[in-house]
Amino acid sequence: MKLRTKRPGWKSLVPLQLSRKSAMRFFLFPKVQASGQSPNDTPVYLNVYDLTPMNGYIYWAGLGIFHSGIEVHGVEYAFGAHDYPTSGVFEVEPRQCPGFRFRKSICLGTTCLDPIQVRQFMELQSVNYNGDTYHLIMKNCNHFCKDMCYKLTGNKIPKWVNRLARIVLVMNWEHISLLCLQVPFATASSRSHSRSPRSAMIQTVNLRILRKGV
């Protein structure tokens, strides 16, 4: 998900003074006011959104392309991409993330943290989620929610929320494994048939693909 800081419904950038190391970082959090709500057994929700209408056809099979956010104390936190080495964590009104179609809300557990403590917790965690580190397969909004949910409640998010990313990741690793097996074979072939242009071409192509990190 690509962040646009001026998009309606998202909070504007404000500086936070956390420490000397993080003083130059900026976060998408407005100031949090203390409330009279009891922090005991405060529910933590995972709000799931559809990124494509195709989800309506493949959701029954446990697949889909989803955006998700963590809702605590009436605030929804999520992670998105931008081009800068600053936090990609932002907050929106619960179940109203602009640009996405809300699907469902799932209660994942409870936390004993009050609103101020949750805010501080999210600020500290957000330094690990810069916008320029976002990756659609390796580090997306669902990975962020999985991490935050486990640290807040000790529970994991449903597997179907990020299943498609895991499937693509496994397929990529299998492809890399096949290439790694092909390279030694091509090298051996080129040695035994040093005058064969075909074996030399196989070796060159496979090494080139591996160097590109496919």
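Values in this text are rule-based calculations from the coordinates and carry no lab data. Bear in mind that the values here come from a model prediction, so they are computed numbers and not experimental data. With ideal geometry, Cβ positions are generated from the backbone for all residues, glycine too; neighbour counts draw on all protein chains shown.
Laid out as a table, the results:
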item	result
Straight-distance crosslink candidates among aspartates and glutamates, where the alpha carbon sits under 20 Å from Lys104 and sequence neighbours closer than 8 are dropped	Asp50, Glu71, Glu76, Glu91, Glu93, Asp147
For Ser87, residues with placed amide H under 5 Å, excluding near neighbours	Phe26, Gly131
Interchain or long-range residues, amide H under 5 Å from Val44's placed H	Leu108, Gly109, Thr110, Thr111
Relative contact order of the range 51-148, pairs being alpha-carbon contacts under 8 Å that are 6 or more residues apart, as %	36
For Glu76, residues with placed amide H under 5 Å, excluding near neighbours	Val92
Average projection area in nm² (convex hull over Cα atoms of the range 42-181, one quarter of hull surface)	9.6
Spin-label pair Val127/Ile65, simplified geometry with 7 Å Cα→Cβ offset, distance in nm	3.5
